[in-house]
1. Can you classify the range 30-143 as rounded, prolate or oblate using the Cα gyration tensor, where a ≥ b ≥ c are the square roots of its eigenvalues, rounded means a/c under 1.5, and otherwise it's prolate if a/b beats b/c and oblate if not?
2. Tell me whether the range 135-198 comes out rounded, prolate or oblate; compute the Cα gyration tensor, take square roots of the eigenvalues as a ≥ b ≥ c, and use a/c under 1.5 as the rounded threshold.
3. Before anything else, pin down the relative contact order of the range 30-143: Cα pairs under 8 Å, at least 6 apart, normalised by residue count, whole percent.
Amino acid sequence: MKMNLMNLSRIKLAMVIGLGSAVLFGVIAYAATPTILGSGSMPYSELVDGPATLTARRLIIPADDPPSAWHYHPGMILAVVGTQANQGSVTIEDGCGTSETYSPGQAFHQLDGRVHRAVNESGLTVEEHNMFIMPTGKPLTRSLPGQLCGPARNVKECRNEGWAKFTFPSSFSNQGECIRYVRQRPQVLVPVAPDPLG
């Protein structure tokens, strides 16, 4: 009985230490600071083909911050990198294996719910200014448990065995299935009127 009580005490102590470590490392792992600058709704947006919520956000990513979780945005996000105070760059890693780095003054967007994550490898603090355009009722971001590839953006990505790499929102059995998926997906088309002044 004594031995069982000792083992139970050790297990409890290990759980307390483990939980404390998880909390400590959780604080370290999520050091990026998002600040919502404003949010508003509109009854209809061509960009989401329905009611939309627009949210402006500032995101500060410290120099030593680990990569963000793999995630996607249910609508679209437009981003501008850098300010005079925070001159770091951010690398956006695509879930399918490519990456691109954006320096201060550069911009990028995610229009198609593609899985990605943000990495600060610059050694400096990064500041991003984001505009989220989301269907009303959808969150700004959906986190995923790990790296996934997708969704397929265009027919070209399906060709030459490309269809086989996709795992999100589902995988494909063949090239034709991938192409059909791409052709049936709603596309973001923004009509732009010609400038009458040239």
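1. Prolate is the answer for the range 30-143, as a/c is 1.5 or above and a/b outweighs b/c.
2. Numbers: a/c = 2.78, a/b = 1.44, b/c = 1.94.
Here the range 135-198 falls in the oblate category.
3. 36
Taken together, the values in this text are just the output of simple stated rules run on the coordinates, not laboratory data. Predicted, not measured: the structure shown is a model, and the values here were computed from it.
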